[in-house]
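Peer 1: First, the structure itself, so that you have it in front of you.
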Amino acid sequence: MSDSTVRYLVAWGGDARSKDALALGATLARTFRAELAVVYVVREETFGAHTFGDVGFTEEVVRQASEGVQKHLDALTDLDGVVLHVRRSSSVAAGVLDAAEEIDADRIVIGAGTGTRTLRSGRARTSRRPSRTSSGSPTAR
């Protein structure tokens, strides 16, 4: 990796939004001749049902995550060197950010939310949808 290479990190969860994020990340990597990495975050609560540090369980989670991502990566035959990172964290967001910092990612690609939750940060709410995009075109409702 050279210092001038742009790195995209796709957050993967295995759902339809993750597939969209992977497709977008792959398109960006191709278009800008960038590196692509994928991170799958396993919440630490998932491990709580089993003996903490159970190597067999951890390996199975990693195996399943790898297989799930690999199916979709295989369709991206023109991208080489895509690396999967599996993280354990109490928060998916924290795990993604940790991975981004570790690999020195320039951009993080995530799937769009469903809009069913309200996040609050000061006075801003994500449950309110703008009637127009930044380009001025109408948004889907």
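The values are calculated or read from the model by the stated rules, or taken from the named source; none is laboratory data. Being a predicted model, the structure only gives us computed values, none of them experimental. Reconstructed Cβ throughout: ideal geometry from the backbone, glycine too, with neighbour counts over all protein chains shown. Ligands, DNA and RNA are excluded from the accessible area calculation, which covers all protein heavy atoms including side chains. Shrake-Rupley method; radii C 1.70, N 1.55, O 1.52, S 1.80 Å.
Peer 1: When you go through (1) on the phi > 0 side of the Ramachandran plot; (2) at pLDDT below 75; (3) touching a Leu at 6+ places or on another chain (Cβ under 9 Å) one by one for Gly53, which number turns out not to apply?
Peer 2: Of the numbered conditions (1) on the phi > 0 side of the Ramachandran plot; (2) at pLDDT below 75; (3) touching a Leu at 6+ places or on another chain (Cβ under 9 Å), the odd one out for Gly53 is (3).
Peer 1: Could you look through the range 109-121, keep only residues that are in a strand (DSSP E or B) and at pLDDT below 70, and pick out the one that is surrounded by the fewest Cβ atoms within 10 Å (Cβ to Cβ)?
Peer 2: The first filter runs over the range 109-121 and keeps only residues in a strand (DSSP E or B), leaving 109, 120-121.
Subsequent filtering for residues that are at pLDDT below 70 retains 120-121.
Numbers: Arg120: 9, Ser121: 7.
My answer is Ser121.
Peer 1: Also, quick follow-up: Can you tell me how many residues within the range 78-108 are touching a residue at least 24 places away in the same chain (Cβ under 8 Å), open to solvent by 80 Å² or more (accessible area, probe 1.4 Å) and either in a helix (DSSP H, G or I) or of a type in the set (A, V, I, L, M) (or both)?
Peer 2: Result for the range 78-108: 0.
Peer 1: Follow-up question, since we're still on this one. Which one is nearest to Thr5 (Cα to Cα), of the residues in the range 16-39 that are part of a strand (DSSP E or B) and under 14 Å from the mean Cα position of the chain (by Cα)?
Peer 2: Among those that are part of a strand (DSSP E or B) and under 14 Å from the mean Cα position of the chain (by Cα), it is Leu36.
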